[in-house]
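Each reported figure results from applying straightforward, stated rules to the coordinates on display, with no laboratory input. The model shown is predicted, which means the values in this text are computed figures rather than measured ones. A quick note on method: Cβ atoms are made from the backbone with ideal geometry, for glycine too, and the neighbour counts reach across all protein chains shown.
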Amino acid sequence: MAGAVTGGRRLALACGALLAVGCARGDRVVVGAKNFTESDLLAELVAQQIERRTGLPVERRLHLGGTFVCHRAIIAGKIDVYVEYTGTAFTAILNHAPLADRDGVYRAVAAEYAERFGLTWGKPFGFDNTFAIVVRRRDAERYGLRRISDVAPVAPRWKAAFGYEFLERADGFAGLARAYGLRFAAPPTAMALGLTYRALADGKADLIAGNSTDGLIQALGLVALEDDRHYFPPYEAAPVARADLLGRHPQIARALDELAGKISEDAMRRLNALADVEHQDIAAIAREWIARSLP
Amino acid sequence: MSLFQFYAHNSREALTLIGQHLYLVAVSTGIALAVGVPGGVLLTRRPAWRGPVLGLANVLQTIPSLALFGFLIPLPFIGGIGARTAIVALVVYALLPIVRNTYTGIAGVDPAVREAGRGMGMTDGQLLAMVELPLAAGVILAGIRVATVVSVGTATIAGAIGAGGLGVYIFRGADMVNNTLILAGALPAALMALAADGLLGLAERKLAWRAR
């Protein structure tokens, strides 16, 4: 028992020491990212934007881990800024049930983050990274498919393949089939998400659920259909920053605001494709995008 | 939810997946046997092929399963999504131990014994059936044992290509961050592997005893 107390005290001391180091690192801004390409890319964009607008030194801690790792890191002050998605924060961090109202979700997330964690949500970049119903471009043109509701008449002749998460989630396949009245030739095939793209491109499946900003969608000659009944909850990407940092350096908030609404879903898909399909360096991709889009 | 509760609620699905898993292992190991044992024998008759064939089997063994599926999906007859593609991949992975042990077992037969058989006027076929295969049976069976046990574990990847099996629970659990689900798939697969190892080990001992 005594050992546990000592252990706890030692832990508290260690945390205090770490905090002190955190403060002592001066006014270096640390930008973090989750462990996937899009998160790294957006973090790099944010880092370069802060560097060129504020002149503050920026340290990059990219590809850290999942949502919870980044969340814990920013609360502990190990990172100052990272890019989060409203829907993820709403359901995974704040444990609310999914909600379709995009402005409502953003407002709720921003308010709760400010109050509970001392974190500030910046303005959204202008795209959602949500589930996307994806078909071959050839089929979309032949059957005139633009929206998910256009699929219902052809679905009975089609085969669908989905990743496990989409088949299980509350906001996944079952609800989608209900919302759009989709009935396929057979129950959907459950397989690894990454392989569904290949299966679709090679004609072994006719409809899959991917990520709306995935670079593979364009690279493989596929199209994402519009969610015209707003079935999928909003997952708007926006920067999340420590409020104390923004208080000390208001110019950081102004720099981040410049990115608001600048990246469409299509543009994000293209940026992801440059990294994932053409294997270009993300710092170079970000530099070029900034030169082109934010003169 | 505990593992027992999970099985109680999903007994039919669990049994179906176990059945699919056994089917995948049985069919793929069967095909690997039908191809691998004659293949190994052939290598003892054509020593020049040994390097290239075992090398190829070695290389195939190292291809990660998801990458292999990626190659297989567009292929006609052996590709696509579903059980067939999974079986092709499992056969590819099971071939190496069977081919290599068949070759090693037969190559290890004492040349004097082989000479004695020839001296008695045996044809090559008779020599194989009556001398070489019986003497190599222990080593060949050891290869089959390895291939089967590995197959039981590897068959979980069938879940990645829409072929079902216990991998379904493992993939679903990994995607949903649900450890009970992962266990629900991994535990029966592990038990199956142990059972297969035990049974084939028993057969090996029987054979060794008979050989004595």
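What to note about this one:
- Taking 1.002 mPa s as the viscosity and 20 °C as the temperature, the Stokes-Einstein diffusion coefficient of region B:31-103 based on its alpha-carbon Kirkwood radius rounds to 168 µm²/s.
- Whole-angstrom Cα spans of region A:23-180 along principal axes, big to small: 64, 32, 26
- Protection proxy ranking of B:188-199, B:141-152 - average other beta-carbon atoms within 10 Å, highest first: B:141-152, B:188-199
- Compactness relative to 2.2 N^0.38 Å, alpha carbon Rg of chain A: 1.11
- The alpha-carbon positions of region A:169-255 define a convex hull whose volume is 158 Å³ per residue.
- Region B:81-98 - phi-based ³J(HN,Hα) in whole Hz, Karplus 6.51/-1.76/1.60, Gly and Pro as x: 10, x, 4, 4, 4, 4, 5, 4, 5, 5, 4, 4, 6, 8, 4, 3, x, 6
- Using the Cβ-Cβ distance between A:Arg146 and B:Leu42 with R0 set to 45 Å, the FRET efficiency from 1/(1 + (r/R0)^6) comes to roughly 0.20.
- Over all directions, the projected convex hull of the C-alpha atoms in the protein assembly as shown averages 32.9 nm² in area.
- With only the Cα atoms considered, region A:103-231 has a convex hull volume of 126 Å³ per residue.
- When the convex hull of its Cα atoms is projected in every direction, mean area for region A:217-284 (nm²): 6.7 nm²
- Between 0 and 90°, nearest 10: helix B:179-211 axis offset from chain B longest Cα axis: 20 degrees
- Rg to Rh quotient for region A:57-135, alpha carbon positions, Kirkwood Rh: 0.98
- Shape class for region A:26-73, computed from the alpha carbon gyration tensor (a ≥ b ≥ c): oblate, with a/c not under 1.5 and a/b at or below b/c.
- Between region A:153-182 and region B:169-212, the alpha-carbon center distance in angstrom: 33 Å
- Of A:Lys159/A:Lys204; A:Lys123/A:Lys262; A:Lys78/A:Lys123, pairs whose Cα-Cα distance is over 18 Å: A:Lys78/A:Lys123
- Amide H contacts for A:Ala132 (H built 1.01 Å from N in the peptide plane; partners 5 or more residues away or on another chain; cut-off under 5 Å): A:Gly210, A:Asn211, A:Ser212.
- Three principal axis extents describe the C-alpha atoms of chain B; from largest down they are 69, 41, 22 Å.
- At least 27 Å along the helix axis (C-alpha) and Kyte average at least 0.5, DSSP helices within chain A: A:2-24
- Net charge, A:Arg183 excluded, C-beta distance under 14 Å - Lys, Arg +1, Asp, Glu -1: +2
- Stokes-Einstein D in µm²/s, Kirkwood radius over Cα pairs - region B:93-207 at 25 °C with 0.890 mPa s viscosity: 149 µm²/s
- Estimated D of region B:161-200 in µm² per second, where Rh is the Kirkwood radius over Cα pairs and Stokes-Einstein applies at 37 °C, 0.692 mPa s: 311 µm²/s
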